[in-house]
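Accompanying notes for the structure given below.
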């Protein structure tokens with residue numbers, strides 16, 4: 001029987017804003033696009049471009065790691081009180097098959113979220129082929145309080 005976590009809160013406005021927002025920094029360079037966010041789930045895509053390939057013509061593992069790391073944290077934001085933030089403390093990737101082109105589709109799912117930590121799983125496909133499975137642990141932090 002599959003585990004179906006129950007989430008105490010889901011902020012639809014945060015989710016909608018993340019889907020509409022244009023990414024910055026590395027996610028922008030990689031071309032990560034959020035398609036859909038529902039409670040505990042994020043669906044995203046990324047086109048494989050020539051500059052992301054190794055000299056051997058396959059997607060660089062660090063590019064896949066960047067995609068996965070971004071999705072590990074982002075899926076949590078609609079589930080956390082506003083002002084909290086998530087930071088990856090560790091993650092493991094299993095590269096299942098080389099990627100030579102096309103579009104990656106990644107699905108991030110929250111397996112558990114508590115007051116201080118969360119565990120998230122990401123599956124990445126290229127067409128019909130599963131190319132990467134990852135799981136990570138994230139620290140959930142409260143905003144830094146300013147001293148007066």
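The values are calculated or read from the model by the stated rules, or taken from the named source; none is laboratory data. Bear in mind the structure is a predicted one, so any value in this text is a computation, not a measurement. Positions of Cβ are generated from backbone atoms using ideal geometry, with glycine treated the same way; all protein chains shown enter the neighbour counts.
Taking region 92-137 on its own, how many of its residues are under 18 Å from residue 8 (Cα atoms) and in contact with a helix residue (DSSP H, G or I) (Cβ under 9 Å, 6 or more places away or on another chain)?
Total satisfying the criteria: 4.
If you go through region 103-116 and keep only what is in contact with a strand residue (DSSP E or B) (Cβ under 6 Å, 6 or more places away or on another chain) and part of a strand (DSSP E or B), you end up with 103, 104, 105, 106, 107, 108, 109, 110, 111, 112.
Please enumerate the residues belonging to region 46-79 that are surrounded by fewer than 16 Cβ atoms within 10 Å (Cβ to Cβ) and in contact (Cβ under 8 Å) with a residue 12 or more places away in the chain.
Matches in region 46-79: 47, 49, 57, 61, 65.
Taking the numbered list (1) at pLDDT 95 or above; (2) surrounded by fewer than 18 Cβ atoms within 10 Å (Cβ to Cβ); (3) more than 17 Å from residue 103 (Cα to Cα) in turn, residue 82 passes all entries but (1).
Among the residues making up region 61-75, those that are touching a strand residue (DSSP E or B) at 6+ places or on another chain (Cβ under 7 Å) and more than 23 Å from residue 117 (Cβ to Cβ) are 61, 64.
Could you please let me know if residue 40 is without any contact (Cβ under 8 Å) to a residue 40 or more places away in the chain and at positive phi? So residue 40 fails the test. Please determine, by comparing only the residues of region 24-54 that are in contact with a strand residue (DSSP E or B) (Cβ under 8 Å, 6 or more places away or on another chain) and not in a strand (DSSP E or B), which one is nearest to residue 74 (Cα to Cα). The qualifying residue nearest to residue 74 (Cα to Cα) is 40.
Residues that are surrounded by 13 or more Cβ atoms within 10 Å (Cβ to Cβ), over 18 Å from residue 122 (Cβ atoms) and out of contact with any helix residue (DSSP H, G or I) (no Cβ under 8 Å at 6 or more places or on another chain) do not occur anywhere in region 19-28. Among the residues of region 98-130, the one identified as free of Cβ contacts under 8 Å to residues at least 60 places away in the same chain, more than 14 Å from the chain's Cα centre (by Cα) and crowded, with 16+ Cβ neighbours inside 10 Å is 99. Of the numbered criteria (1) in contact with a helix residue (DSSP H, G or I) (Cβ under 7 Å, 6 or more places away or on another chain); (2) in a strand (DSSP E or B); (3) within 19 Å of residue 130 (Cα to Cα), the one residue 88 fails is (3).
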